[in-house]
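Q: First, the structure itself, so that you have it in front of you.
The values are calculated or read from the model by the stated rules, or taken from the named source; none is laboratory data. Model, not experiment: these values are computed from the prediction. Here the Cβ positions follow ideal geometry from the backbone for every residue, glycine too, while neighbour counts run over all protein chains shown. In case anyone asks, the SASA skips ligands and DNA or RNA and just uses the protein heavy atoms, side chains included. Shrake-Rupley method; radii C 1.70, N 1.55, O 1.52, S 1.80 Å.
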Amino acid sequence: MKLASLKHGRDGNLVVVSRDLKRMTSAAAVAVTLQAAIDDWDTLSPKLETLYEGLNTDANSGEAFDEAACASPLPRAYQWADGSAYVNHVELVRKARGAEIPESFWTDPLMYQGGSDTFLGPREDIVFPTTTGWGVDFEAEVAVITDDVPFGVSVEDAGSHIKLLMLVNDVSLRGLIPAELGKGFGFFQSKPSSAFSPVCVTPDELGDAWADTVLSLPLVSHYNGEIIGKPDAGIDMTFNFATLVAHAAKTRPLGAGAVVGSGTVSNKLDGGPGKHVADGGVGYSCIAEIRMIETIQNGAPTTNFMAFGDRISIEMFEESGQSIFGRIDQTVVEG
């Protein structure tokens, strides 16, 4: 099943979207918002599935679906916890400054609690008063939405609480991160509003690509119209989503509608750092990783962070070429 939230008020209007992302129908008779649906998922999801089946079997049903009319599936959420499941990414960042990662990073996930009150829509501009010194970067990721997750849930049980998946552009301000982390109290100003894909999907939509709570498909990013990354989200994922959800719920329950991210999708190449797509690699899901590899190989980075007018798009496709979640497509603008 595929769901989206049309822009309306603070929490959007829930619609059911056809598998090919061409048509939609209102879900208002079942649940006005996605949060309302996830609050009572076991009761309401079968009714939403009935609407979904109708859309896919009757080509004349529903109305045209416009991704640009969408807010993020959850325009705001009670919880946004972003992990760093691709330890290759963390290792590169550390290596560039001559530091080794602690052994615990391979067994204990990194995670931060991000702002969830102002998610951006998938086609909304990224607006800042300046980019000078801020180090504006995109981060292409996968995320899951849970139902109510009990305190201390086991990894074995955590996967059953994953109800929906979507894509993320976790915008980061790299120039502000060092000073914030230097205070020893975590991210805040360096992590502005994130954007999510137009559509979220139930795990069954992903077929064999979803196994052991890992999504094994390329995550495709285009930067200023050129492909910059297509790493496989199922490769080099040190911690699966069940592990990330269990980690987040170790000391507290997670409320229905909690969003848990994978962190920047990153693949190694022959045991070492990746390469640009043009050089035969799978590229990168953020600019910081490119700069880290440049630093490791050449002593200094040469690729700039995002400036006004720069555009990033993020999308994932079935083997047939059908877009699964729709496209995140954003431009950095002054404002």
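Q: Which members of segment 144-182 meet the condition of being within 18 Å of PHE239 (Cβ to Cβ) and either basic (Lys, Arg) or open to solvent by 50 Å² or more (accessible area, probe 1.4 Å) (or both)?
A: VAL155, GLU156, ASP157, SER160
Q: Let me ask you something else. Taking segment 157-190, which residues are under 20 Å from MET292 (Cα atoms), charged (D, E, K, R) and in contact (Cβ under 8 Å) with a residue 40 or more places away in the chain?
A: Once the filter is applied, which keeps residues that are under 20 Å from MET292 (Cα atoms), charged (D, E, K, R) and in contact (Cβ under 8 Å) with a residue 40 or more places away in the chain, segment 157-190 yields ASP170, ARG174.
Q: Would you please name the residue that is nearest to MET166 (Cα to Cα), looking only at residues in segment 69-98 that are at pLDDT 95 or above and open to solvent by 50 Å² or more (accessible area, probe 1.4 Å)?
A: This residue is ARG76.
Q: If you don't mind, there's one more thing I want to ask. From GLY280, GLY257, GLY299, GLY321, which residue is open to solvent by less than 10 Å² (accessible area, probe 1.4 Å), on the phi > 0 side of the Ramachandran plot and out of contact with any Gly (no Cβ under 8 Å at 6 or more places or on another chain)? Write out each step before concluding.
A: Values: GLY280 fails: open to solvent by less than 10 Å² (accessible area, probe 1.4 Å); GLY299 fails: open to solvent by less than 10 Å² (accessible area, probe 1.4 Å); GLY321 fails: open to solvent by less than 10 Å² (accessible area, probe 1.4 Å).
When all the criteria are applied, what remains is GLY257.
Q: Does segment 289-298 contain any residue that is touching a helix residue (DSSP H, G or I) at 6+ places or on another chain (Cβ under 8 Å), farther than 12 Å from TYR223 by Cβ, in a helix (DSSP H, G or I) and among the acidic types (Asp, Glu)?
A: Within segment 289-298, the subset touching a helix residue (DSSP H, G or I) at 6+ places or on another chain (Cβ under 8 Å) is 289, 291-293, 295-296.
With farther than 12 Å from TYR223 by Cβ added as a condition, the list becomes 289, 291-293, 295-296.
Subsequent filtering for residues that are in a helix (DSSP H, G or I) retains 289, 291-293, 295-296.
Checking the rest, the ones that are also among the acidic types (Asp, Glu) come to 289.
Yes, segment 289-298 has at least one match.
Q: Working carefully through the options SER285, SER221, find the one that is at pLDDT 95 or above, out of contact with any helix residue (DSSP H, G or I) (no Cβ under 9 Å at 6 or more places or on another chain), of a type outside the set (A, V, I, L, M) and buried (at least 20 other Cβ atoms within 10 Å of the Cβ).
A: One residue alone meets the criteria, SER221.
Q: Search segment 106-130 for residues that are part of a loop (DSSP other than H, G, I, E, B) and pair each with any residue that is open to solvent by 70 Å² or more (accessible area, probe 1.4 Å) and hydroxyl-bearing (Ser, Thr, Tyr) when their beta-carbon atoms are under 8 Å apart and the residues are at least 6 apart or on different chains.
A: Correct list of pairs: SER116/TYR78.
Q: What are the residues in segment 224-239 that are in contact (Cβ under 8 Å) with a residue 60 or more places away in the chain and either open to solvent by 60 Å² or more (accessible area, probe 1.4 Å) or not hydrophobic (A, V, I, L, M, F, W, C) (or both), if any?
A: ASN224, GLY225, GLY229, ASP236, THR238
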